[in-house]
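Taken together, the values in this text are just the output of simple stated rules run on the coordinates, not laboratory data. Just so it is clear, the model here is predicted, and its values are computed rather than measured. Note that we place each Cβ from the backbone using ideal geometry, even for glycine, and neighbour counts take in every protein chain shown.
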Amino acid sequence: MKDVKIISIDNRGRIVLPLVTRKNLGITTDSQLMLVSDSETKEIRITPVGISREDKPIKFRITMNDEPGSLAKIATIFGDFGISLMWGESIILEKSKTAIWTVLSPSPKNVNMEELRETLIKNGKAINVDILPFE
């Protein structure tokens with residue numbers, strides 16, 4: 001069911017999500033929401049994410065070869081390590097040469113990040129893997 005509302009921003013930049021919207025989406029006071037803004041299309045997307053305040057998201061920025069199957073290999077490695085992906089965006093830097101895939105994940109538990117990085121490079125054929133805290 002789609003719910004369309006027009007809402008306003010107050011002088012401190014805050015918005016209020018209508019009660020019916022919060023109820024329909026199961027959003028409560030402690031819910032975590034992800035905001036994605038796109039300056040090119042002038043769009044804002046707010047999505048509930050199923051993580052707690054303690055599960056700080058982490059950002060992976062992976063440079064890879066721009067060739068068929070590259071993204072699938074890397075996504076499979078995330079699955080093999082038991083890492084959930086909440087959001088992702090891929091950008092081609094140079095057609096048929098390099099691309100960057102940026103993904104957000106809840107901080108993985110019991111995962112050796114150096115082992116993950118090495119596996120992404122060796123088996124996923126990533127060129128570079130940056131693992132960054134998400135702000």
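Ordering Asp10, Asp66, Asp80 from the fewest to the most neighbouring beta carbons within 10 Å gives Asp10, Asp80, Asp66.
Cα-based radius of gyration for the chain, normalised by 2.2 N^0.38 Å, reads 1.25. With each label modelled as a point 7 angstrom along the Cα→C-beta vector, the Arg14-Glu43 pair spans 2.9 nm. With the chain treated as a Gaussian network of Cα nodes joined by springs under 10 Å, which of Val111, Val49, Val20 yields the largest mean-square fluctuation? Fluctuation is largest for Val20.
Filter the chymotrypsin sites (Phe, Trp or Tyr not before Pro) in segment 49-124 down to the DSSP loop ones having no more than 13 other Cβ atoms within 10 Å, then list what survives. Could you put the intermediate results ahead of the total?
Values: sites: Phe60, Phe78, Phe81, Trp87, Trp101; in loops: Phe81.
Listed in order of number, the matching sites amount to none.
Taking each of Lys95/Lys122; Lys59/Lys109; Lys59/Lys122; Lys97/Lys125; Lys2/Lys56; Lys42/Lys97 in turn, the alpha-carbon distance tops 24 angstrom for Lys2/Lys56; Lys42/Lys97. Summarising the label geometry, the points placed 7 Å from Cα in the beta-carbon direction at Thr29 and Asn123 lie 4.5 nm from one another. The alpha-carbon atoms of segment 57-133, seen along their principal axes, cover 36, 22, 17 angstrom, with the largest extent given first. Put a plus charge on the Cβ of each Lys and Arg, a minus charge on the Cβ of each Asp and Glu, and nothing anywhere else: the dipole of segment 1-114 about its Cα centre is then about 420 debye.
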